[in-house]
Amino acid sequence: MLNVRLLRTFFAPVACVISAALIAGPASAFLHAQSNGPSKSLHVVLDRITSTQPLPNGITIHSGAAQMQVTALRDDLLRVRIGATGTLPEDASWAVLPQARTATVPVKAETSSASVGFSTAKLRIRIQRDPLAMTVTDLAGNVIAEDNPERPIEFHGSGFRVYKRSPEDEHYFGLGDKPGPLDRRNEAFTNWNTDAFGWQESTDPIYKSIPFFLTFRKGITAGIFLDNTWRTSFEFNKELRDGYSFGSEGGPLDYYILYGPDPKAVVREWTWMTGTTPLPPLWSLGYQQSRYSYFPEAEAYRIANRLRSEHIPADAIYFDIDYQLKNRPFTVDPEKFPHFAQMIQDFKAKHLHTVLITDLHIANLPNQNYKPYDEGIAGNHFVHNPDGSVYTGIVWPGPAVFPDFTQQKSREWWGTLYNDFAKMGVSGFWNDMNEPALFEVASKTMPDQTQHRIEEHGFKTRVANHLEIHNVFGMQNTRGTYEGLRKINPDQRPFVLTRASYAGGQRYSATWSGDNSSTWNHLRQTTPQLINLGLSGFGMIGADVGGFAGSPQPELLTKWLEIAAFHPIDRDHTSMGTNPQEPWENGTAHDLDLRRHFIEERYRLMSYLYTTAEEMSRTGLPIMRPLFLEFPNASKDRHPIDLNTNNEFLVGPDLLIAPSPYPDMLDDYQAVLPPVGWYNYWTGERVQVKGQDAARVGNDNVPDNDLQISLHPTVETVPVFARAGSIIPIQPLVQSTDEKPSGPLTLRVYPPAHPGDKCEGSLYLDDGISYAFQNGQYLRLKFTCEATPTGVAVKVSSREGSFTPWWTQFSVEIYGATKPVVSASTPSGSITTNFDSEHHHVTTVIPDTGKEASLTVTY
């Protein structure tokens, strides 16, 4: 019998406020809806299967009037779509690429009296008939995702919620740059892009909405993505200690389940679905100097000249809104910057790239010869009110109008606005305030019923209100910028930095963690925030180094600049009214020396950073990584080893950064080193850790604390460790990535801990600017080494690609040495070596002829 329950209020999207009475007791699928769609009184519960239909790639089931379709896009990727009223949601997505969304693999049906389902080559899907509950396992029986049969999927009005079971040892990561701990367990979040100046560790929501997270249990990883641009919410063990849930106040119930089993496989699959970060221009990996704002023109020149006179390597200077005339986007204030175009060329001559802020609010200036407004009105490119008039809101220039970025033609028009700046030689653009943020309204954004026109391939052409478009507005803003720049300069890689975005936005822009504060806690908060952004697809990421709101203590600025030297984006930025925050400010000469030293080390590592960025562009693996991404089985019980560490992170696969978990404290602390063997990056000596060898060979009885090393925090250094079995390229110091290094390429060889262990490295290089690499104009090298009973053998592959490198020799440094070598040779004969006892390595130089090279040393 149907259990009729009429609800007169919208379903609350946050699980912890749902009353127990609302969801208690058995119920059948019930529909109370009007012909034009779900009403507020709609209540549908998917509590039992009433019919099924097999599909070549999955299954369709009905629970009364509701329809649920589960399909396999790949053997390790499932899609679940549910419609409350008998039809499935529109099959369209701003996030998932068309080739991924429409992919399909055949499945094998599996049906019994108690359940229906199917299997793929990697997964088994079992849907219990009564109560309706889906369980996804791998073929070994490990549970990947499991519905909670006591909390069936429910629709209330336009909203819905999905409940999953949560074993007590399962952990959750992702959801973008949400503040708080690395592990999302025992946390709850809302996705609604919000201008959150001075956000704190407990603030939610903030700037981006990425409704994707990873689950991790006993070394096995999966992912769940709710493809819904409305206000969505996720809670982990807040309402039910053995469950998590996700839902939305409106929009489609369309979600994906990704299977690893290792975390790298999930991240690769996620970016296969939503796109990888494009290969960035090389200069964007250099140090970047910014503040709100550098003006007038003389002040900008002063900053540029001081960077060079202080010999602080740098690649970019940013200009915030004050370069504009009365804060109007795409203008220049002729009084503050009378020679703007010449200034950009002068900076370019100093090897400094210029990045301009270009906010999306166009000043509402009819009949005043303001090109962006005049063209936008003529082309009907702006967002509308429900009555058809153009929507106007107050932002930096005063009354402003907003491009309708869900229209392809409007994005294309927006892209043309960059033509003048691009022709001046501006290298990058910064799309800010694009949540969208507004002033003088309590919501900080557009009214809910503001109208957006969707005219986009793959979507039905229609009008949508702001509730649907809000979270994707910033992403489509950056899409318009990125695609416009590609058309203006087809062979120059764009650099676009955004504050707001949605899942898949990494296809168009880099991002940062928004308006943080100059506090020690915000420095500490940066690591989990950037790691979770990287796991969510955004690999080109950073924070406002030194903090945006407020002025940092000198030691805080020094320590932040030290740690940020190992972040994907290294941008010093602060707010108007704060103290100067450039490296030479706010500190002693000793502070300046330390800050310069770490920025210089970043440039020495540039070949390694760029190689890691190229890997990111192909695979989606982020530059900045949690330890569990490389070492999913490092801990005794296979929990994420990062939970033992507090603020450690990896740069690429081979460098481990271990700052103090509380950088303002003076106490010694314990860092955890995964059991593969490590070298001290600064001294070159092997690190002795009690349990490394036993754990390396799979001894599960090694306590996690036997993988710890005791460290003492100082302002002078950040502990950095190089992975045993790695080969890391190091280049001579330059003051800008535009400069050609002089001298050999250094290969730092860190031999494996035991003979027979894997040892490898790689290098990627191209011109750093263009797309010539797509036509073979790149260089790729692979390095290997082998620890023998008497020494070390090193090999360098022959060159792949046609790009000619800047070096003609390799300087090979073999670490872990305790004495000079007895002999060293290449196929051409014996060679000489030098022994550096202070840094525990031997060095020799061999020519790079472009062909395979090898070196053998004997101790």
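The values are calculated or read from the model by the stated rules, or taken from the named source; none is laboratory data. Everything quoted here is computed from the prediction, not taken from an experiment. When we count neighbours, we look across all protein chains shown, and the Cβ atoms used for this are built from the backbone with ideal geometry, even at glycine. We work out accessible area using only protein heavy atoms, side chains counted, and drop any ligands, DNA or RNA first. Shrake-Rupley method; radii C 1.70, N 1.55, O 1.52, S 1.80 Å.
A few comments on the model shown:
- Area accessible to solvent at R799, 1.4 Å probe radius, in Å²: 80
- For the chain, share of DSSP beta bridges that run antiparallel, in % to the nearest 5: 85
- When both the range 330-347 and the range 746-794 are represented by their alpha-carbon centers, they are found 44 Å apart.
- Part-to-part distance (alpha-carbon centres) for the range 107-133 and the range 462-531, which is given in Å: 39
- For the range 204-225 and the range 416-430, distance of Cα centres in Å: 36
- Counted residue by residue at 0.36 nm each, then reduced by the alpha carbon distance between them, the extension gain from Q777 to Q449 reaches 113.0 nm.
- Unit charges at the beta carbon, dipole of the chain: most positive-side option, W94, S51, L282: S51
- Estimated at 0.36 nm per residue, the fully extended path between D242 and W682 surpasses their Cα-Cα distance by 153.9 nm.
- Aspartates and glutamates whose Cα lies under 16 Å from that of K444, excluding same-chain neighbours fewer than 8 positions away: D195, D204, D359, D432, E435, D515
- Accessible-area value, F197, 1.4 Å probe, nucleic acids and ligands omitted, Å²: 120
- Carbon/sulfur fraction of accessible area - the chain, other protein chains in place, 1.4 Å, %: 50
- Looking at the range 115-168, the accessible area is 34 square angstrom per residue; that uses a 1.4 Å probe and ignores ligands, DNA and RNA.
- Among (i) 43.0; (ii) 36.2; (iii) 62.3, the entry that matches mean projected area of the Cα convex hull in nm² as calculated here: (ii)
- V463/H311 FRET efficiency (R0 60 Å; Cβ-Cβ; nearest 0.05): 0.60
- Distance violations [Cα-Cα > 21 Å] among K371/K423; K636/K782; K350/K423; K122/K264; K178/K636; K350/K740: K636/K782; K178/K636
- Taking the range 488-531 and a reference point 7 angstrom along Cα→Cβ of N579, the backbone N atoms nearer than 18 Å belong to 517-523.
- Applying 1/(1 + (r/R0)^6) with R0 = 51 Å to the Cβ-Cβ distance of A378 and E168 gives a FRET efficiency near 0.25.
- For the range 768-828, accessible area per residue (1.4 Å probe, heavy atoms of protein chains only), Å²: 50
- K122 - accessible surface, heavy atoms, 1.4 Å probe, Å² rounded to 10: 90
- Neighbourhood net charge (12 Å Cβ-Cβ; Lys/Arg +1, Asp/Glu -1) for L467: -2
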